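Chemist: Okay, here's the structure, questions in a sec.
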Amino acid sequence: MKIEKAKKLIEDKLPEKRYKHSLRVAETAVKLADIYDGDKDKAELAGILHDYCKYDDLGSMYQIVRQHELNSDLLSYGSEILHGPVCAVIMKEQYGVSDEEVLLAIENHTTGRAQMTKTEKLVFIADYIEPGRQTPGIEEIRDLAYNQGSLDNTIYEISKRTVLHLISKDINVFDATIGCLNYYNYSDQRVKDD
Ligand SMILES: [Fe+2]
Ligand SMILES: [Fe+2]
């Protein structure tokens, strides 16, 4: 899909605030791709499209999970977790997005997972640090991402904060998020396989 078409798609569907967030995520992902030698085109496209399904009706999202036999654990979660995996299906099936890295980056942008591809990492981080985000301590994460030279350490810090936040609110943590946290914890001495 061409960038202009992707922008038009989200502009027509999403509220202005979310549309602008999506553009900032794409810009941030491109910036990170530049620093970490990633694929800017893939990062930009996935960044633009990642939240396309953010406000879809929950019932129709569950239907997509069932029809496409996605991870059935998704059925125990709400749209915050579902909108990524559902969006990847919609982009593939309805809009002909075929690039696997772009689809994975859309699918896993909220939860992360173990062994992410470069584009997944870029979009996952960009979604957390785009300039509109004002989470407490965000500057530390931005510094990690932009100045400390490690996507993986940045992912670990983001996952850790996300998990701590969810636990403090008694919100269940999706399995892939725990997988992500453990995998990118380099202070754990187990040998990583990539
Ligand atoms: Fe999202
Ligand atoms: Fe987002």
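The values are calculated or read from the model by the stated rules, or taken from the named source; none is laboratory data. None of the values given here were measured: they were computed from a predicted structure. Quick reminder, even Gly has a Cβ in these numbers, built from the backbone with ideal geometry, and neighbours come from all protein chains shown. These accessible areas exclude ligands, DNA and RNA; they are computed on the full protein's heavy atoms, side chains included. Shrake-Rupley method; radii C 1.70, N 1.55, O 1.52, S 1.80 Å.
Chemist: Do we have Glu107 as under 8 Å from the mean Cα position of the chain (by Cα) and modelled with pLDDT of 95 or more here?
Modeler: Yes, satisfied.
Chemist: Out of all the residues in region 67-117, which are under 19 Å from Ile3 (Cβ atoms) and of a type in the set (Lys, Arg)?
Modeler: Lys92, the sole residue that qualifies.
Chemist: Just a yes or no: is a residue in region 151-161 part of a loop (DSSP other than H, G, I, E, B), open to solvent by 50 Å² or more (accessible area, probe 1.4 Å) and more than 16 Å from ligand 1 (Cβ to nearest atom)?
Modeler: no
Chemist: Same structure, new question: If you scan region 42-77, which residues turn out to be within 16 Å of ligand 2 (Cβ to nearest atom) and open to solvent by 70 Å² or more (accessible area, probe 1.4 Å)?
Modeler: Tyr55
Chemist: When Lys5 is evaluated against the numbered criteria (1) touching a residue at least 24 places away in the same chain (Cβ under 8 Å); (2) within 17 Å of Gly96 (Cα to Cα), which criterion, by number, is the only one it fails?
Modeler: Only one criterion is unmet by Lys5, namely (1).
Chemist: Step by step: first the residues of region 3-41, then only those that are hydroxyl-bearing (Ser, Thr, Tyr) and within 16 Å of ligand 1 (Cβ to nearest atom), then the one that is nearest to Ala145 (Cα to Cα). Which residue is that?
Modeler: Thr28
Chemist: Go through (1) without any contact (Cβ under 8 Å) to a residue 40 or more places away in the chain; (2) over 24 Å from Ile178 (Cβ atoms); (3) outside any helix (DSSP H, G or I) and name the single condition Val30 misses.
Modeler: In the conditions (1) without any contact (Cβ under 8 Å) to a residue 40 or more places away in the chain; (2) over 24 Å from Ile178 (Cβ atoms); (3) outside any helix (DSSP H, G or I), Val30 misses (3) alone.
Chemist: Could you check Leu164 against (1) in contact (Cβ under 8 Å) with a residue 24 or more places away in the chain; (2) open to solvent by 30 Å² or more (accessible area, probe 1.4 Å); (3) more than 16 Å from ligand 1 (Cβ to nearest atom); (4) part of a helix (DSSP H, G or I) and say which number it fails?
Modeler: Single failed check for Leu164: (1).
Chemist: Within region 86-128, can you find the residues that are away from ligand 2 (no atom under 12 Å from the Cβ), aliphatic (A, V, I, L, M) and over 25 Å from Gln63 (Cβ atoms)?
Modeler: Answer for region 86-128, where residues must be away from ligand 2 (no atom under 12 Å from the Cβ), aliphatic (A, V, I, L, M) and over 25 Å from Gln63 (Cβ atoms): Ala114, Met116, Leu122.
Chemist: Name every residue in region 114-150 that is farther than 21 Å from Leu45 by Cα and part of a helix (DSSP H, G or I), in order of residue number.
Modeler: Selection gives Ile138, Glu139, Glu140, Ile141, Arg142, Asp143, Leu144, Asn147.
Chemist: Continuing with the same structure: Kindly indicate the residue of region 93-113 that is open to solvent by less than 60 Å² (accessible area, probe 1.4 Å) and part of a loop (DSSP other than H, G, I, E, B) and also farthest from Ala176 (Cα to Cα) among those meeting that condition.
Modeler: Only one residue tops the list, namely Gly96.
Chemist: Same structure again: In the set His83, His21, which member is within 15 Å of ligand 2 (Cβ to nearest atom), over 18 Å from Thr177 (Cα atoms), open to solvent by less than 20 Å² (accessible area, probe 1.4 Å) and assigned to a helix (DSSP H, G or I)?
Modeler: After ruling out the rest, the residue left standing is His21.
Chemist: In this structure, does Thr135 turn out to be surrounded by fewer than 19 Cβ atoms within 10 Å (Cβ to Cβ) and modelled with pLDDT under 95?
Modeler: yes
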